[in-house]
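Trainee: I am attaching a structure below and will ask some questions about it afterwards.
The values are calculated or read from the model by the stated rules, or taken from the named source; none is laboratory data. Here the structure is a predicted model, which means the values were calculated and not measured. All Cβ positions, glycine included, derive from the backbone under ideal geometry; neighbour counts span all protein chains shown.
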Amino acid sequence: MEHRQEQSSKATGARKDFIRIRNVSKHFGDFVAVDDVNLDIGKGELFSILGGSGCGKTTLLRMLAGFEIPTAGTIEIDGHDVTNLPPYERPVNMMFQSYAVFPHMNVEKNIAYGLVKDGINKDEIAKRVDAMLELVQLGDFRRRKPAQLSGGQRQRVALARALIKKPKVLLLDEPLAALDKKLREHTQFELMNIQYELGITFVVVTHDQEEAMTLSSRIAVMDKGRFRQVGTPKEVYEFPENRFVAGFIGTINTFRGRVTAINEETISVHSDELGLSLPALGKHAVEIGQEVDIAVRPEKIFLDRDRPTNDEDTILQGVVDDLGYLGNRSLYRIRLPGGRIIQASSQNRRRSVTRFLEWEDKVWVSWRPRSAVVLID
């Protein structure tokens with residue numbers, strides 16, 4: 001999976017302007033749904049727009065599809081301005097969240113529908129339908145109606161119908177939202193394999209952080225009509241550019257403080273709450289005395305019964321306030337002396353019915369300097 005993400009990223013490095021969104025805004029009366037956004041998406045990229053409800057992600061997708069016209073700005077696909085073109089004149093197809101398969105048609109006819117409407121000859125339709133059925137592994141289900149299929153199979157029918165017209169861009173609106181967790185995880189890999197095999201540019205809209213992280217070569221995190229960060233899944237998760245992205249992607253602990261030292265790779269921040277200086281990676285231009293946040297992910301935190309010996313680490317002592325067992329890992333809420341609660345997680349590498357820590361156990365908490373990052377807005 002990660003290898004394919006990296007290959008897709010390398011492919012887009014040669015050409016960043018297959019889709020070019022420039023200063024695009026969309027107003028509905030006084031409400032600004034999309035606010036002056038700019039974005040480049042590369043050819044063959046699997047790109048996700050991630051955000052909560054009402055952030056503008058679906059409106060942006062609908063503008064790419066031609067179902068909405070921008071209030072301002074331009075959209076180009078493969079070098080052509082499509083800003084004001086209707087959907088049927090754009091080299092795109094869209095797969096809706098509901099899948100919208102026709103209940104009275106069998107799988108074969110559902111997939112062929114777009115080609116039939118376009119007047120393609122029957123031999124060509126049969127050839128392309130057979131190819132699509134093989135691609136989505138539904139050859140044995142070609143005569144079945146949608147009611148006779150599982151949710152995952154209906155999703156693949158909708159995907160095949162969208163792909164059979166060979167669009168340059170496929171737009172997917174919450175494509176896996178209707179599936180249960182286990183099927184969703186399985187289907188993510190199927191979707192990635194199909195996109196990789198065809199080389200078509202996919203643009204996915206989703207509110208599911210894990211889905212975006214799994215699927216995408218790059219992610220745009222959206223909030224209130226604007227992009228807060230665009231980058232690879234690793235960049236967005238490991239190096240969030242602001243407090244919103246840090247809090248939206250995964251779980252994170254933050255500590256407020258003032259900058260006391262600026263080194264070549266790290267920044268030192270004194271936290272009055274903790275009563276000590278916290279070193280962290282800093283990519284931002286900051287000044288001595290500036291207020292910032294230090295952020296550290298729960299999985300970066302080490303828990304020990306004995307005090308750690310590496311003095312370069314940030315070291316705190318606390319008490320287990322709460323814990324949860326999730327099978328492959330355990331979550332801990334640690335109460336520090338001032339009452340502050342921080343979260344830590346650890347992998348359950350050993351098979352055991354007893355826990356490493358219990359409620360009210362005293363524990364040492366530590367993390368490496370490069371495991372924390374500085375956030376400034």
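Trainee: When the residues of the range 306-347 are narrowed to those that are touching a helix residue (DSSP H, G or I) at 6+ places or on another chain (Cβ under 6 Å) and of a type in the set (G, A, S), which ends up farthest from G275 (Cα to Cα)?
Mentor: Taking the candidates together, the pick is S345.
Trainee: Looking only at the range 134-156, how many residues end up being modelled with pLDDT under 90 and closer than 21 Å to P175 by Cα?
Mentor: Of the residues in that region, 15 qualify.
Trainee: Of everything in the range 338-358, what is more than 19 Å from V296 (Cα to Cα) and surrounded by fewer than 12 Cβ atoms within 10 Å (Cβ to Cβ)? Give them in sequence order. It would help to see each step written out before you state the result.
Mentor: To start, the set of residues in the range 338-358 that are more than 19 Å from V296 (Cα to Cα) comprises 348-358.
Once the filter is applied, which keeps residues that are more than 19 Å from V296 (Cα to Cα) and surrounded by fewer than 12 Cβ atoms within 10 Å (Cβ to Cβ), the range 338-358 yields R349, R350, R351, S352, V353, T354, E358.
Trainee: Further question: Looking only at helices (runs of 4 or more DSSP H) that fall completely inside the range 179-256, which ones have 3 or more residues that are touching a residue at least 60 places away in the same chain (Cβ under 8 Å) and within 10 Å of the chain's Cα centre (by Cα)? Outline the logic, then answer.
Mentor: Working: elements: 181-198, 209-215, 233-238, 243-248.
Because the criterion is at least 3 residues that are touching a residue at least 60 places away in the same chain (Cβ under 8 Å) and within 10 Å of the chain's Cα centre (by Cα), the helices (runs of 4 or more DSSP H) in the range 179-256 that meet it are 209-215.
Trainee: Looking at the range 291-329 only, could you name the residues that are among the polar types (S, T, N, Q) and touching a residue at least 12 places away in the same chain (Cβ under 8 Å)? Walk me through how you get there before you give the answer.
Mentor: The initial filter retains those residues of the range 291-329 that are among the polar types (S, T, N, Q), namely 309-310, 314, 317, 328.
Within the range 291-329, N310, T314, Q317, N328 meet the criteria.
Trainee: For the range 359-376, which residues satisfy the criterion of being surrounded by 15 or more Cβ atoms within 10 Å (Cβ to Cβ) and assigned to a helix (DSSP H, G or I)?
Mentor: The first filter runs over the range 359-376 and keeps only residues surrounded by 15 or more Cβ atoms within 10 Å (Cβ to Cβ), leaving 361, 363-369, 371-376.
Passing the criteria: P369, S371.
Trainee: Another question, then. How do the pairs read when you match residues in the range 335-352 that are over 14 Å from S271 (Cβ atoms) and modelled with pLDDT of 90 or more with residues anywhere that are basic (K, R) and in a strand (DSSP E or B), using Cβ under 8 Å and keeping only pairs 6 or more apart or on different chains?
Mentor: Cβ pairs passing all conditions: I341/R333; I341/R335; Q343/R333; S345/R329.
Trainee: Determine, yes or no, whether I301 is under 18 Å from L274 (Cα atoms), surrounded by 15 or more Cβ atoms within 10 Å (Cβ to Cβ) and of a type in the set (V, I, T). Write out each step before concluding.
Mentor: Values: under 18 Å from L274 (Cα atoms): yes; surrounded by 15 or more Cβ atoms within 10 Å (Cβ to Cβ): yes; of a type in the set (V, I, T): yes.
In short, yes.
Residue-by-condition table, conditions (1) exposed (fewer than 13 other Cβ atoms within 10 Å of the Cβ); (2) out of contact with any strand residue (DSSP E or B) (no Cβ under 9 Å at 6 or more places or on another chain); (3) aromatic (F, W, Y):
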site	(1), (2), (3)
N106	no, yes, no
L115	no, yes, no
E134	yes, yes, no
G151	no, yes, no
R161	no, no, no
K168	no, no, no
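Trainee: Got at least one residue in the range 221-229 being more than 18 Å from D377 (Cα to Cα), at pLDDT 95 or above, buried (at least 21 other Cβ atoms within 10 Å of the Cβ) and of a type in the set (V, I, T)? Spell out how you get there, then give the answer.
Mentor: First, the residues of the range 221-229 that are more than 18 Å from D377 (Cα to Cα): none.
Checked against the condition, which is being more than 18 Å from D377 (Cα to Cα), at pLDDT 95 or above, buried (at least 21 other Cβ atoms within 10 Å of the Cβ) and of a type in the set (V, I, T), the range 221-229 yields no hits at all.
Trainee: From the list D208, D272, D223, which one is closer than 19 Å to I21 by Cβ, out of contact with any Lys or Arg (no Cβ under 6 Å at 6 or more places or on another chain) and acidic (D, E)?
Mentor: Details: D208 fails: closer than 19 Å to I21 by Cβ; D272 fails: closer than 19 Å to I21 by Cβ.
Exactly one residue qualifies, and that residue is D223.
Trainee: Among the candidates E360, E287, single out the residue that is acidic (D, E), over 26 Å from S268 (Cα atoms) and out of contact with any Phe, Trp or Tyr (no Cβ under 8 Å at 6 or more places or on another chain).
Mentor: On inspection, the qualifying residue turns out to be E360.
Trainee: Provide a single number: the residues in the range 260-275 that are without any contact (Cβ under 8 Å) to a residue 60 or more places away in the chain and not in a loop (DSSP other than H, G, I, E, B).
Mentor: Residues in the range 260-275 being without any contact (Cβ under 8 Å) to a residue 60 or more places away in the chain and not in a loop (DSSP other than H, G, I, E, B): 6 in total.
Trainee: How do the pairs read when you match residues in the range 276-290 that are in the same structural domain as S371 (by TED's automatic domain parsing) and part of a strand (DSSP E or B) with residues anywhere that are exposed (fewer than 13 other Cβ atoms within 10 Å of the Cβ) and not charged (D, E, K, R), using Cβ under 9 Å and keeping only pairs 6 or more apart or on different chains?
Mentor: Qualifying pairs under 9 Å: S277/A261; P279/A261; P279/N263.
Trainee: May I ask you to verify whether I41 is crowded, with 19+ Cβ neighbours inside 10 Å and either within 20 Å of E211 (Cα to Cα) or modelled with pLDDT under 95 (or both)? Walk me through how you get there before you give the answer.
Mentor: On the way: crowded, with 19+ Cβ neighbours inside 10 Å: yes; either within 20 Å of E211 (Cα to Cα) or modelled with pLDDT under 95 (or both): yes.
So I41 passes the test.
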